[in-house]
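Chemist: Sharing a structure here in structure tokens format.
The values are calculated or read from the model by the stated rules, or taken from the named source; none is laboratory data. Small disclaimer: the values here were computed from a predicted structure and weren't measured. Here the Cβ positions follow ideal geometry from the backbone for every residue, glycine too, while neighbour counts run over all protein chains shown.
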Number of protein chains: 2
Amino acid sequence: MALKAIKQGARNDIGIAAVKTLLGARFGERFQTGDAVRAQHAHTTTYIPAQLPDAVVFPENAVEVSEIVKIASAHRVPLIAFGAGSSLEGHINAPHGGISVDMSRMNRVIEVNPEDLDCTVEPGVTREELNTFLRDTGLFFPIDPGANASIGGMASTRASGTNAVRYGTMRENVLAVTAVVAGGREIRTGHRARKSSSGYDLTRLFVGAEGTLGIITSITLRLNGIPEVISGGVCPFRTVADACNAVILTIQSGIPVARIELLDALQMKACNVYSGLSYEETPTLFVEFHGSAESVALQSRHFAEIASEFGSKGFVWTTKPEERARLWKARHNAYWAQKSLKPGAAILATDVCVPISRLADCVAATHEDIAANALIAPIVGHVGDGNFHVGVVFDDKDADDVERVEAFIERLNSRALAMDGTCTGEHGIGQGKMPFLETELGEAVDLMRQIKHALDPDNIFNPGKIFARA
Amino acid sequence: MALKAIKQGARNDIGIAAVKTLLGARFGERFQTGDAVRAQHAHTTTYIPAQLPDAVVFPENAVEVSEIVKIASAHRVPLIAFGAGSSLEGHINAPHGGISVDMSRMNRVIEVNPEDLDCTVEPGVTREELNTFLRDTGLFFPIDPGANASIGGMASTRASGTNAVRYGTMRENVLAVTAVVAGGREIRTGHRARKSSSGYDLTRLFVGAEGTLGIITSITLRLNGIPEVISGGVCPFRTVADACNAVILTIQSGIPVARIELLDALQMKACNVYSGLSYEETPTLFVEFHGSAESVALQSRHFAEIASEFGSKGFVWTTKPEERARLWKARHNAYWAQKSLKPGAAILATDVCVPISRLADCVAATHEDIAANALIAPIVGHVGDGNFHVGVVFDDKDADDVERVEAFIERLNSRALAMDGTCTGEHGIGQGKMPFLETELGEAVDLMRQIKHALDPDNIFNPGKIFARA
């Protein structure tokens, strides 16, 4: 299972020393080796143990990234691109040591083309920064993974989140990237046309490559018009199955729901306690509709009819921003609410994704598993996509507890794969999901490895991620 | 330019003879070497000269495809996967000789999952066959490139067409493929989850690879509910710029238009003559809206307001099927109408795609170019995506005419690339666009070549396509 797979790898100490000397001379204050800064750049947000890089460098433009790649390449030293550090599966750990390349100073919005609904940004721009920048244009970037992640990191993990059911994931919303690849060359994978049949889809190859094929230096993104009106509501159900069936019919009916999130009974309880709310503690859908006033009214009414078909009473929707804010507060604080279930505990946040017809079964079986093993593990899902998260609340200092949780995670992944699903809908493989990737895609992983070897012959780009073996 | 790039390549005659013997013994009647069948499997639909394969084999399942690949691999003989033969850039020519692998007998719909809005089909199923099969489920597969292409071919060229502005292209609508790759192994690139962050996006790599990385043996597709109501209308404008600006505002306003097609004045004239209609011979948008009765009424009214802002008079819309059918007849017969402009002439159907803000400029400059060079070349565009087609009507027996047309195509592609566009929005590279790919993506094409070499070390999968050099 996950944790067992995470080993400290072989280190090229001589190369690392040489690269530290060279980068230190070249980047001065923008090259740091202190323990604190190194610890900040190792894995901090999850259950996965931290593996610190040897140093951190802060490039300011693609030419500098290219210089760093050339130096690292000459000495075969790992480079780990770092965005905001909010990934969840150990993506930014340094199992073979090496240099963390912190992209936070490459945080310019390079251009916005309002007529084309696109923009080009450097990878260190965070999604909140981008949306703040865009506010006056009437446009927004819809992908919202929760954390204020960097756009480069979101591209690299193929992130999505609550809005994906309507607006797609990073896969659909990245039009092109530039990246510094092996040898230090900067390549461009596409231009600004909305579609193209021009050769292999390198854009989609870099999206989700987790920094293993090069370092992204700019990203061209699709944007959307800020909806004229947003309506939202909370809709309690008797069972997870009823809630899931309402979701299936909503999607099948072609209602362009913008968000449709499931919170299970335990999560609702945690949210009530944490946020001082008084929602019914039963499986609940949080929904949001975007469009004109007429359109959101139509969508909301249509959804209400569907929800009542599946026994939900009391779906109310509102377009008032303050009421919507209160409504989504509970959802947005889900992680902190989980934490409050057992003060001082660790949380293992994991995700799987299944075809939506299997969602109710998968969640039900997972609930049984949680109960049978006396785990505390609320479930929150981007259910329009069949994607759900389990937040396992546990004591990471207790070996028995860790073992129980690891066994649970193995069963959760096996269950999702047996239902024609995937071991990760949006978090990525990193270190935590490496064994499950092999189970999921078998010999196809050989093709991925062949691509990795072809494009990164020196194995300097984020080694020890995605692939359980080289 | 295009035609100059198309050369007969080196042939491995000894290997080809050996493979013919082996496949003949193994496949009997399902292995054919007659001139007529070979000619049917070379390029027939375009201006590109035919280059016949040495033989055609008709596998019936993935195991047989694997056998074919192993035999071809052992003797380093090219395999050219063949769907319906409707591609436009020489994709199915055999510049190095070799074996056409006709997938038409692999035409089963393997499964349909109505609740998940997906299905899995063999590559030889055509899009019309699939939609006929789906009719009773209330679902449809929206991608419509015009021709009754095979799903395998559509995946391989990353096809799209009139509905892409709403439903996306093959890139967005293929959930996973299985493919027989080098060595004869069948791999699976994904499962049925709507989204996944599980390793490199091999699905998107095979979509648009034009058969150069392996032979697709099944495709899992997203489906959509058949719209409750469809409304459509025809909307004349004074200028291409007015029509394009109406499109931009429609897209920006978030109106989920299902089709929005531009026909220029010459194309309207040709359609009137060919289909016996009496539309105004002026730049015209054909639009279609999908949804509930209320929703399409809303969309149609909203669009009509936008059109009138840009000076269009007389936009009328209808939900009556027979009226819609008449309305779209002109659009669907655009190619034949083009043909009628100069009986006996050839047509070079080409496509480029630009950001929509540049579309009016690109079409205007192309119109000037057409006029200055006395060409007959109507323009039809999937303008919601910035994608347009020029149908150059010319005499392919007249060397001067051919030269003029080739020079025009070069300028057209340069113009699109200078506007941050792509040399092909939906036709693919094949042989015809090879030089423009290099201009468009520069050193990124080296990465594509590295991937090609890594995944197809014997260079047996559709060699001589996409890449102007190995």
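Chemist: Can you find even one residue in region B:290-304 that is of a type in the set (D, E, K, R), in contact (Cβ under 8 Å) with a residue 12 or more places away in the chain and either within 20 Å of B:ILE356 (Cβ to Cβ) or not in a strand (DSSP E or B) (or both)?
Modeler: In the first step, residues of region B:290-304 are kept if they are of a type in the set (D, E, K, R); the result is B:294, B:301.
Okay, now just the ones that are also in contact (Cβ under 8 Å) with a residue 12 or more places away in the chain, so none.
No, every residue in region B:290-304 fails to be of a type in the set (D, E, K, R), in contact (Cβ under 8 Å) with a residue 12 or more places away in the chain and either within 20 Å of B:ILE356 (Cβ to Cβ) or not in a strand (DSSP E or B) (or both).
Chemist: Another question, then. Considering B:ILE110, B:ILE92, which residue is more than 19 Å from B:GLU29 (Cα to Cα) and touching a Cys at 6+ places or on another chain (Cβ under 9 Å)?
Modeler: Details: B:ILE92 fails: touching a Cys at 6+ places or on another chain (Cβ under 9 Å).
Checking each option against the conditions leaves just B:ILE110.
Chemist: Among the residues of region A:339-357, is any surrounded by fewer than 18 Cβ atoms within 10 Å (Cβ to Cβ) and hydroxyl-bearing (Ser, Thr, Tyr)?
Modeler: yes
Chemist: Which one of A:GLY24, A:GLY28, A:GLY15 is on the phi > 0 side of the Ramachandran plot, outside the structural domain of A:GLY184 (by TED's automatic domain parsing) and either touching a strand residue (DSSP E or B) at 6+ places or on another chain (Cβ under 7 Å) or assigned to a helix (DSSP H, G or I) (or both)? Don't jump to the end; show me each part of the working.
Modeler: On the way: A:GLY24 fails: on the phi > 0 side of the Ramachandran plot; A:GLY15 fails: on the phi > 0 side of the Ramachandran plot.
A:GLY28 is the lone residue from the list that is on the phi > 0 side of the Ramachandran plot, outside the structural domain of A:GLY184 (by TED's automatic domain parsing) and either touching a strand residue (DSSP E or B) at 6+ places or on another chain (Cβ under 7 Å) or assigned to a helix (DSSP H, G or I) (or both).
Chemist: Further question: Restricting to region A:252-300, name every residue that is small (Gly, Ala, Ser), surrounded by fewer than 18 Cβ atoms within 10 Å (Cβ to Cβ) and more than 11 Å from chain B (Cβ to nearest Cβ).
Modeler: Result: A:GLY276, A:SER278.
Chemist: Please determine whether any residue of region B:35-54 is part of a helix (DSSP H, G or I), over 24 Å from the mean Cα position of the chain (by Cα) and surrounded by fewer than 21 Cβ atoms within 10 Å (Cβ to Cβ).
Modeler: Among the residues of region B:35-54, at least one is part of a helix (DSSP H, G or I), over 24 Å from the mean Cα position of the chain (by Cα) and surrounded by fewer than 21 Cβ atoms within 10 Å (Cβ to Cβ), which makes the answer yes.
Chemist: Report whether or not A:SER160 is within 14 Å of chain B (Cβ to nearest Cβ), under 23 Å from A:ARG259 (Cα atoms) and at pLDDT 95 or above. Give the steps one after another, and end with the answer.
Modeler: Working: within 14 Å of chain B (Cβ to nearest Cβ): yes; under 23 Å from A:ARG259 (Cα atoms): yes; at pLDDT 95 or above: yes.
Answer is yes for this residue.
Chemist: Okay, next question. Residues in region A:438-458 that are aliphatic (A, V, I, L, M) and touching a Ser or Thr at 6+ places or on another chain (Cβ under 6 Å): how many? Spell out how you get there, then give the answer.
Modeler: Initial filter on region A:438-458 (aliphatic (A, V, I, L, M)): A:441, A:444-445, A:447-448, A:451, A:454-455.
In the following step, the residues that additionally are touching a Ser or Thr at 6+ places or on another chain (Cβ under 6 Å) were identified as A:444.
The total comes to 1.
Chemist: Suppose the filter is more than 30 Å from B:ALA365 (Cα to Cα) and modelled with pLDDT under 95; does B:SER231 pass it? Before you say what the answer is, go through the steps one by one.
Modeler: Values: more than 30 Å from B:ALA365 (Cα to Cα): yes; modelled with pLDDT under 95: yes.
In short, yes.
Chemist: Of everything in region A:249-266, what is of a type in the set (A, V, I, L, M) and outside any strand (DSSP E or B)? Give them in sequence order. Show your work before the answer.
Modeler: Step one: filter region A:249-266 for residues of a type in the set (A, V, I, L, M), giving A:249, A:251, A:255, A:257-258, A:260, A:262-263, A:265-266.
Result: A:LEU249, A:ILE251, A:ILE255, A:VAL257, A:ALA258, A:ALA265, A:LEU266.
Chemist: If only one of A:GLY146, A:GLY124 is surrounded by fewer than 22 Cβ atoms within 10 Å (Cβ to Cβ), touching a Gly at 6+ places or on another chain (Cβ under 9 Å) and outside any helix (DSSP H, G or I), which one is it?
Modeler: A:GLY146
Chemist: Please verify whether region A:320-332 includes one or more residues that are away from chain B (no Cβ under 14 Å), of a type in the set (Phe, Trp, Tyr) and either touching a Leu at 6+ places or on another chain (Cβ under 9 Å) or without any contact (Cβ under 8 Å) to a residue 12 or more places away in the chain (or both).
Modeler: Taking region A:320-332 and keeping what is away from chain B (no Cβ under 14 Å), we get A:320-332.
Pick out the ones that are also of a type in the set (Phe, Trp, Tyr) and you get A:328.
Retained after the next criterion (residues that are either touching a Leu at 6+ places or on another chain (Cβ under 9 Å) or without any contact (Cβ under 8 Å) to a residue 12 or more places away in the chain (or both)): none.
No, because not a single residue in region A:320-332 is away from chain B (no Cβ under 14 Å), of a type in the set (Phe, Trp, Tyr) and either touching a Leu at 6+ places or on another chain (Cβ under 9 Å) or without any contact (Cβ under 8 Å) to a residue 12 or more places away in the chain (or both).
Chemist: Shifting gears a bit: With a cut-off of at least 3 residues that are free of Cβ contacts under 8 Å to residues at least 60 places away in the same chain and surrounded by 22 or more Cβ atoms within 10 Å (Cβ to Cβ), name the strands (runs of 3 or more DSSP E) lying wholly within region A:160-248. Let's see the steps before the verdict.
Modeler: On the way: elements: A:174-180, A:186-188, A:215-222, A:229-236.
Output list reads A:174-180.
Chemist: Which pairs do you get when a residue that is closer than 16 Å to A:LYS195 by Cβ, found in region B:342-355, comes within reach of a residue that is of a type in the set (S, T, N, Q) and crowded, with 18+ Cβ neighbours inside 10 Å, reach meaning Cβ atoms under 6 angstrom, with the pair 6+ apart or on two chains?
Modeler: B:ASP351/B:THR424; B:CYS353/B:ASN387; B:CYS353/B:THR422
Chemist: When you check A:VAL240 against the structure, is it touching a Ser or Thr at 6+ places or on another chain (Cβ under 9 Å) and either within 30 Å of A:GLN431 (Cβ to Cβ) or of a type in the set (A, V, I, L, M, F, W, C) (or both), yes or no?
Modeler: Judged against the criteria, A:VAL240 is not a match.
Chemist: Kindly indicate whether A:SER197 is touching a Ser or Thr at 6+ places or on another chain (Cβ under 7 Å), more than 7 Å from chain B (Cβ to nearest Cβ) and of a type in the set (S, T, N, Q).
Modeler: no
Chemist: Given the options B:ALA147, B:ALA55, name the one that is farther than 16 Å from B:ILE216 by Cβ, in contact (Cβ under 8 Å) with a residue 60 or more places away in the chain and away from chain A (no Cβ under 14 Å).
Modeler: Numbers: B:ALA55 fails: in contact (Cβ under 8 Å) with a residue 60 or more places away in the chain.
The conditions single out B:ALA147.
Chemist: Looking at B:ALA454 and the list (1) within 10 Å of chain A (Cβ to nearest Cβ); (2) at pLDDT below 95, which single condition is not satisfied?
Modeler: The number of the failed condition is (2).
Chemist: Return the residues of region A:94-121 that are part of a loop (DSSP other than H, G, I, E, B), aliphatic (A, V, I, L, M) and either out of contact with any Lys or Arg (no Cβ under 8 Å at 6 or more places or on another chain) or outside the structural domain of A:ASN173 (by TED's automatic domain parsing) (or both); say none if nothing qualifies.
Modeler: Residues satisfying the conditions are A:ALA94, A:MET103, A:MET106.
Chemist: Shifting gears a bit: Considering region A:200-223 alone, what residues qualify as being more than 7 Å from chain B (Cβ to nearest Cβ) and of a type in the set (A, V, I, L, M)? Quick ask: steps written out before the conclusion?
Modeler: Initially, region A:200-223 is screened for residues more than 7 Å from chain B (Cβ to nearest Cβ), giving A:203, A:206, A:210-223.
Passing the criteria: A:LEU213, A:ILE215, A:ILE216, A:ILE219, A:LEU221, A:LEU223.
Chemist: Out of B:ILE151, B:ILE219, B:ILE230, I need the residue that is closer than 28 Å to A:ILE255 by Cα, in contact with a Gly (Cβ under 7 Å, 6 or more places away or on another chain) and aliphatic (A, V, I, L, M). Which one?
Modeler: Numbers: B:ILE151 fails: in contact with a Gly (Cβ under 7 Å, 6 or more places away or on another chain); B:ILE230 fails: in contact with a Gly (Cβ under 7 Å, 6 or more places away or on another chain).
Checking each option against the conditions leaves just B:ILE219.
Chemist: Here's something else I'd like to know. Give just the number: which of (1) within 14 Å of chain B (Cβ to nearest Cβ); (2) more than 20 Å from A:THR162 (Cβ to Cβ) does A:ASP242 not satisfy?
Modeler: Among (1) within 14 Å of chain B (Cβ to nearest Cβ); (2) more than 20 Å from A:THR162 (Cβ to Cβ), the lone unmet condition for A:ASP242 is (1).
Chemist: Checking the conditions here, which among A:ALA372, A:ALA416 is aliphatic (A, V, I, L, M), surrounded by fewer than 18 Cβ atoms within 10 Å (Cβ to Cβ), over 22 Å from A:LYS7 (Cβ atoms) and not assigned by TED's automatic domain parsing to the domain that holds A:GLN252? Lay out the reasoning, then the answer.
Modeler: Numbers: A:ALA416 fails: surrounded by fewer than 18 Cβ atoms within 10 Å (Cβ to Cβ).
Just a single option satisfies the conditions, and that option is A:ALA372.
Chemist: Would you be able to say whether some residue in region A:413-423 is of a type in the set (Val, Ile, Thr) and more than 9 Å from chain B (Cβ to nearest Cβ)?
Modeler: First, pick out the residues of region A:413-423 that are of a type in the set (Val, Ile, Thr): A:422.
If we keep only those that are more than 9 Å from chain B (Cβ to nearest Cβ) too, we end up with none.
So far as region A:413-423 goes, no, none of its residues is of a type in the set (Val, Ile, Thr) and more than 9 Å from chain B (Cβ to nearest Cβ).
Chemist: Then there is this: Please go through region B:386-432 and pick out each residue that is at pLDDT 95 or above, among the acidic types (Asp, Glu) and touching a strand residue (DSSP E or B) at 6+ places or on another chain (Cβ under 7 Å).
Modeler: Answer for region B:386-432, where residues must be at pLDDT 95 or above, among the acidic types (Asp, Glu) and touching a strand residue (DSSP E or B) at 6+ places or on another chain (Cβ under 7 Å): just B:GLU426.
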